[in-house]
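Chemist: Before I ask anything, here is the structure I am working with.
Derivation of every value follows stated rules applied to the coordinates shown; laboratory data play no part. Small disclaimer: the values here were computed from a predicted structure and weren't measured. Here the Cβ positions follow ideal geometry from the backbone for every residue, glycine too, while neighbour counts run over all protein chains shown.
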Amino acid sequence: MSTRNQRILLLVTGLVIGAIAVALVWFGNPKNMGFCIACFIRDIAGGIGLHRAEPVQYIRPEIIGMVLGTFLVAAGAKEFKVRGGSSPVLRFVLGFVMMVGALMFLGCPLRMILRLAGGDMNALFGLAGFVGGILVGIFFLNRGFTLKRTYTMPVLEGFALPAGVVALLLFLVAGASFLFFSVEGPGSMHAPVAIALVAGLVVGALAQRSRLCMAGGIRDVLLFKDPTLLLGFLGIFAAALVGNLALGYFNLGFADQPVAHTDGVWNFLGMVVVGFAAVLLGGCPLRQLVLAGEGNSDSVLTVLGMLVGAACCHNFKLASSAEGPTPNGKIAVIIGLVILVLVAVLNSELLKKKVGASSGKGAAQAE
């Protein structure tokens, strides 16, 4: 695909996703949360009983649709390639940490854009933190950070996640008694299943073809001076802004924003964690979900890390609320930053150079 066509596809993808997000709010999803990967994975964690925070329990068809849309399009384009083995445990941990940061901010990078398009100025602190986290990640990329190569895996590995989300969809439609459903709060606010599923299918298909990534757009501008991926970011913002203004959802300010808090410091730090983790993982939460649908088992483990992370955030009171961050959540974000730095240092050339320099110095002294 030529650069021009790729840019057009990314812009169209962004515009369509932004419009879909606002449409989903009109059909019943929470305001400024028409489509949020982190929030919806959190709701699914509650829906299957991994946490018991009653306001955020629902099997979100948008996530199911995204995985299936990605899987079907990738298979049709012969891009469904089952691979893995690139530091799978570390990827699980990084997914967990990324969710801790997202639930401190109360949203993934996609929701950050949607919050900005809805007039939520608190998201500016999140954007600044997201860029800051990406800059830290780039620092380590420039010093040889890697989670090592992937390997071809058995085909069955690639079908596990699509099969799992199909099962979830069947349980949802059947109203399985072992699922949990919110009766109040964000989890109780949702578009009809069919509409949400179709929305997810479209987003997954477009994201797979365009290679859309919230973190990748900013990373490429800062690292390579290439604005191509950023067009998707801008398209989402533009379409959501126009839609919010047209439907009366736009509310400019810091106070009284839906499912958001006004603590700028922790909004900033939460998204530092998300941006940093996204660079180390090679993609934001949306991109990880797409890669998982394409057959990447490492990304499946990242998504599972996010799922378990969301459950732990609510089970151990790490997640923020409209009242603000919790003491436990602040501690978790700091620990998350420490973990990210350790992973980055131990998997880059920094430590090797220091060890090499120390060994050389010791040898010289011995001589």
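Chemist: Of the listed peptides 8-19, 95-106, what is their order by residue-averaged count of other C-beta atoms within 10 Å, with the highest listed first?
Modeler: Going from most to least packed, we get 95-106, 8-19.
Chemist: Loop only by DSSP, 16 or fewer other Cβ within 10 Å of the Cβ. Give me the chymotrypsin sites (Phe, Trp or Tyr not before Pro) in the range 147-208 that pass, ordered by residue number.
Modeler: Answer in residue order: 178, 181.
Chemist: According to a simple spin-label model (label point 7 Å from Cα along Cα-to-Cβ), what is the distance in nm between residue 160 and residue 350?
Modeler: 3.2
Chemist: When Lys and Arg each count +1 and Asp and Glu each count -1, what net charge do the other residues less than 14 Å away from residue 219, Cβ to Cβ, add up to?
Modeler: Working: positive: 211, 225, 287; negative: 220, 226.
Summing Lys and Arg as +1 and Asp and Glu as -1 gives +1.
Chemist: Test of the criteria: in the range 248-347, which trypsin sites (Lys or Arg not before Pro) are in a DSSP loop and have at most 16 other Cβ atoms within 10 angstrom of their Cβ?
Modeler: 317
Chemist: Moving on. With only Lys, Arg, Asp and Glu charged, each at its Cβ (+1 for the first two, -1 for the last two), find how big the charge dipole of the range 4-352 is about the Cα centre; round to the nearest 20 debye.
Modeler: Charge dipole, the range 4-352, about its Cα centre: 860 debye, nearest 20.
Chemist: What is the local net charge at residue 9, summed over the other residues whose Cβ is closer than 13 Å to its Cβ (Lys, Arg +1; Asp, Glu -1)?
Modeler: Summing Lys and Arg as +1 and Asp and Glu as -1 gives +4.
Chemist: Here's a follow-up. If the chain between residue 6 and residue 174 were fully stretched, how many nm would it gain, using 0.36 nm times the residue separation less the Cα-Cα distance?
Modeler: 56.4 nm
Chemist: Taking K and R as +1 and D and E as -1, what net charge do the other residues with C-beta under 15 Å from the C-beta of residue 237 add up to? Provide the component values of the computation, followed by the final result.
Modeler: Details: positive: 111, 115; negative: 120.
With Lys, Arg at +1 and Asp, Glu at -1, the net is +1.
Chemist: Let me ask something else about it. So how far, in whole Å, is the C-alpha centre of the range 1-74 from the one of the range 268-296?
Modeler: 15
Chemist: So what's the Cα pair-distance distribution over the range 4-352, bin width 20 Å, in %?
Modeler: With 20 Å bins starting at 0, P(r) equals 34, 62, 5.
Chemist: Let me ask you something else. Based on the Cα atoms of the range 118-212, what semi-axes does the equivalent ellipsoid have, where each is the square root of 5 times one gyration tensor eigenvalue, given in whole Å with the largest first?
Modeler: 33, 26, 14
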